[in-house]
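Here it is: the structure, laid out below.
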Amino acid sequence: MSGGRGALFLCAALLLPILGVMTMASGRAAEPERLAGAEKLRPFFQAMAALEKHRTRGPIRILQVGDSHTANDSFSGQMRERLQSRFGAAGRGWLPAGVPYKYFQPRLVSVTESGWRHLRPSTPGEKPPLGLDAVVSKATEADARMSLGSSEADGFDRVAIEFVARPGGEPLTIQVDENPPVRIATAAPKVGVRRSEVLLPKPAHQLQLVAPGAPVLELLGWAVERRRSGIIYENHGSIGATVRLLEKLDPAAVSFELADRKPALIAIAFGTNEGFRDDIDLTDYAARYRAAVSALAKRARGAAILVLGPPDGNRRPAECSGDAGCNASAQANGDSCAWTVPPRLAEIRTVQRRAALRQGWAFWDWSAAMGGACGMHRGLAEVAALAMPDHVHLSKTGYALTADRLFADLMRAYDDWKRAPRRH
């Protein structure tokens, strides 16, 4: 494990000069501009300080909620790696149950399933109580199974299962390594989200869950953690999502989950899908964004909120091919096949920044970490490509390196906060 971690940091160190190409300005003077309102992160900083001083026994949780940039665990995975390396690792944390979409590749664990289907806000006729992952796994046959394997050397010694309890609910069974199976009751007088926890006497690496009865079982998620101090960084992403996804979640389920996790920090990462919509009503969007994130912040009861403004993105007509360059404005300068920045993308970012600073949240400019407009196109041209050919998503390297920049900005602000004089 330590050898792999060292190799990762060596790789990042070698590639940092490449990332400089994506950045319009270099040097310390430009870096703080990416993070605005850092003073609003005080609850997060206080939790980190208590962790460093060994004044907390349990884990400090950070939740990232957003679209496909979050569903892809490359950015959040790098943040998890960096924060756990500095403050200690308390495990992988919460995940959606099973394999919720085709390219599901969470870091630190491997997941398989058979006999399940996945319900989302768009699923016709189905209205399950959706939590932060916006998906529920429903058993479609008796003996439906899902398994999770941890690649962490220290494994896990705490397992938690979140499910929909209901009258007549069939029990489920979990087995950890070679330990005897544990049955978990899911019956309840009325329908509601419940959580069951299993504490293990020693670390384990394999978990299997079985729904042996009739196919009525619905799971929201499961967690593998370690009962120690340190960081847990969770990613709750939905492909194609906009901030309106938050409006479709079940308030009771979300409140239940946040009360269980008690996050010190929630990172909100929407905006790419909205920014590619030329017909979006910005006034309506601003009101919906402010209301949706405020409702989540209220349910989180004191967690710091960090808005991640959407990264750069570029587009051109589908019939075009070759490299016609990129224009930072929405105009292609006479070349209809040049990549351009969707005009609404920067406006969405501005709306989010304004909402964050007015509501008492912090804001981080992901696009600035890429060098601003056309940063996606420039990143694709690098020897170690930092972007994907669709000009919408970063590569694993690009996600990791921009996460390094967020981590650096947060830690600089945290260290400044620790040095600042305190009022008594």
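The values are calculated or read from the model by the stated rules, or taken from the named source; none is laboratory data. Bear in mind the structure is a predicted one, so any value in this text is a computation, not a measurement. Reconstructed Cβ throughout: ideal geometry from the backbone, glycine too, with neighbour counts over all protein chains shown. For the accessible areas, the whole protein counts, side chains as well, though only heavy atoms, and no ligand, DNA or RNA atoms are used. Shrake-Rupley method; radii C 1.70, N 1.55, O 1.52, S 1.80 Å.
Please work out the average accessible area per residue across region 208-252, using the 1.4 Å probe convention, and give it in Å². If you can, show how the numbers build up before the last one.
Details: 1510 Å² over 45 residues.
Per-residue accessible area for region 208-252 comes out at 34 Å².
Same structure again: Which distance in nm do the two modelled labels at Ala252 and Ser321 give, with both placed 7 Å along the Cα-to-Cβ direction?
For Ala252 paired with Ser321, the spin-label model returns 5.6 nm.
I would also like to ask the following. Please give the length that would be gained between Met388 and Arg277 if that part of the chain were fully extended, namely 0.36 nm times their separation in residues minus their C-alpha to C-alpha distance (nm, one decimal).
On the way: separation 111, 0.36 × 111 = 39.96 nm, distance 2.02 nm.
Once the chain is fully extended between Met388 and Arg277, it gains 37.9 nm.
Let me ask you something else. I need the calculated FRET efficiency for the pair Gln206 and Arg86, taking r as the beta carbon distance and R₀ as 25 Å, to the nearest 0.05.
For Gln206 and Arg86, the calculated efficiency is 0.30.
What net charge is computed for the residues neighbouring Val243, neighbours being all others with C-beta under 15 Å from the C-beta of Val243, Lys and Arg scored +1, Asp and Glu -1? Each step should come with its number before you reach the end.
Working: positive: Arg244, Lys248, Arg277, Arg288, Arg290, Arg344, Arg349, Arg353, Arg354; negative: Asp67, Glu247, Glu274, Asp281, Asp284, Glu347.
Here the charged neighbours net out to +3.
Counting only residues 5 or more places away or on other chains, whose amide H sits under 5 Å from the amide H of Ala89 once H atoms are built in the peptide plane?
Ile231
Within the accessible area of the chain, what % is carbon and sulfur when the probe is 1.4 Å and the other protein chains stay in place?
Working: 9650 of 18410 Å².
Its accessible area is 52 percent carbon and sulfur atoms.
Also, quick follow-up: So what is the accessible area of region 295-424 per residue, in Å², with the probe set to 1.4 Å?
Details: 5740 Å² over 130 residues.
Ligands and nucleic acids excluded, the figure is 44 Å² per residue.
Using the Karplus curve 6.51 cos²θ - 1.76 cosθ + 1.60 with θ = phi - 60°, work out ³J(HN,Hα) for each residue of region 373-381 in order, rounded to whole Hz, and write x for Gly and Pro.
Using θ = phi - 60°, the values come out as 4, 6, x, 5, 5, 5, x, 5, 7 Hz.
Could you tally the net charge around Lys418, taking each other residue with its Cβ under 12 Å from the Cβ of Lys418, Lys/Arg +1 and Asp/Glu -1?
+2
On to the next question. Given an 8 Å cut-off on Cα distances and at least 6 residues of separation, report the relative contact order of region 277-388 as a percent. Could you put the intermediate results ahead of the total?
On the way: 152 pairs, mean separation 35.8, N = 112.
Taking the mean separation of contacting Cα pairs over the length of region 277-388, I get 32 percent.
Is any residue of region 389-423 close enough, with backbone N under 19 Å, to a label point placed 7 angstrom from the Cα of Arg42 along the Cα-Cβ axis, and if so, which?
Answer for this model: 410-423.
Using only Cα atoms, tell me the angle between helix 2-21 and the longest principal axis of the chain; keep it within 0 to 90° and round to the nearest 10.
Once rounded, one gets 30 degrees.
If amide H atoms are built 1.01 Å from N in the plane of the peptide, which residues on other chains or at least 5 residues away come under 5 Å of the amide H of Trp116?
Those qualifying (amide H under 5 Å, at least 5 residues apart or on another chain) are Thr140.
May I pose another question? Counting helices only, and only those DSSP H runs with n ≥ 4, report the 222 nm mean residue ellipticity of the chain as the sum of -39,500 (n - 2.57) divided by its residues, in deg cm²/dmol to the nearest 500. Before the final figure, lay out the partial values.
Numbers: 11 runs with 134 residues, N = 424.
After summing the helix terms and dividing by residue count, I get -10000 deg cm²/dmol.
Here is a further query. Among DSSP beta bridges whose residues both lie in the chain, state the antiparallel percentage, nearest 5.
65
Relative to the Cα centre, what is the charge dipole magnitude of the chain, using +1 at the beta carbon of each Lys and Arg, -1 at the beta carbon of each Asp and Glu, and rounding to the nearest 20 debye? Intermediate values should be presented prior to the final figure.
Details: 55 positive and 44 negative charges, 365 e Å.
Computed about the Cα centre, the dipole is about 1760 debye.
From the Cα gyration tensor of region 314-396, with a ≥ b ≥ c the square roots of its eigenvalues, which class applies: rounded if a/c is under 1.5, or else prolate if a/b is larger than b/c, or else oblate?
Working: a/c = 2.91, a/b = 1.63, b/c = 1.78.
Judged from the Cα gyration tensor, region 314-396 comes out oblate (a/c at least 1.5, b/c at or above a/b).
Ok, one more. Take Val198 and Thr112, extend 7 Å from each Cα along the Cα→Cβ direction, and tell me the distance between the two endpoints in nm.
1.8
Sort 225-231, 409-415 by packing, meaning the average of other beta carbons within 10 Å per residue, with the highest value first.
On the way: 225-231: 19.3, 409-415: 17.3.
Result, highest mean first: 225-231, 409-415.
Quick one: what are the phi-derived ³J(HN,Hα) couplings along region 337-346, Karplus 6.51/-1.76/1.60 with θ = phi - 60°, whole Hz, x for glycine and proline?
So the J values, rounded to whole Hz, are 9, 6, 6, 10, 8, x, x, 7, 4, 5.
Run the quick spin-label model on Arg422 and Ala259: label points 7 Å from Cα toward the beta carbon, then report their separation in nm to one decimal.
3.1
While we're looking at this one, here's another question. Mind checking which lysines have their Cα closer than 19 Å to the Cα of Lys418? Skip sequence neighbours fewer than 8 apart in that chain.
Lys40, Lys53
Please list the non-local residues whose amide H lies under 5 Å from the amide H of Cys374, H modeled 1.01 Å from N, same-chain partners needing a gap of 5 or more.
Amide H to amide H, under 5 Å and 5 or more residues apart or across chains, Cys374 pairs with Gly313.
Can you give me the angle between helix 42-52 and the longest principal axis of the chain, using Cα atoms only, in degrees from 0 to 90, rounded to the nearest 10?
Tilt of helix 42-52: around 60 degrees.
Give, as ranges by residue number, the residues of region 250-270 whose backbone N falls under 19 Å from the point 7 Å along Cα→Cβ of Thr56.
The answer is 257-268.
Could you sort the peptides 236-248, 176-188 by per-residue average Cβ neighbour count (10 Å cutoff), highest mean leading?
On the way: 236-248: 19.8, 176-188: 13.4.
Those peptides, ordered most packed to least, come out 236-248, 176-188.
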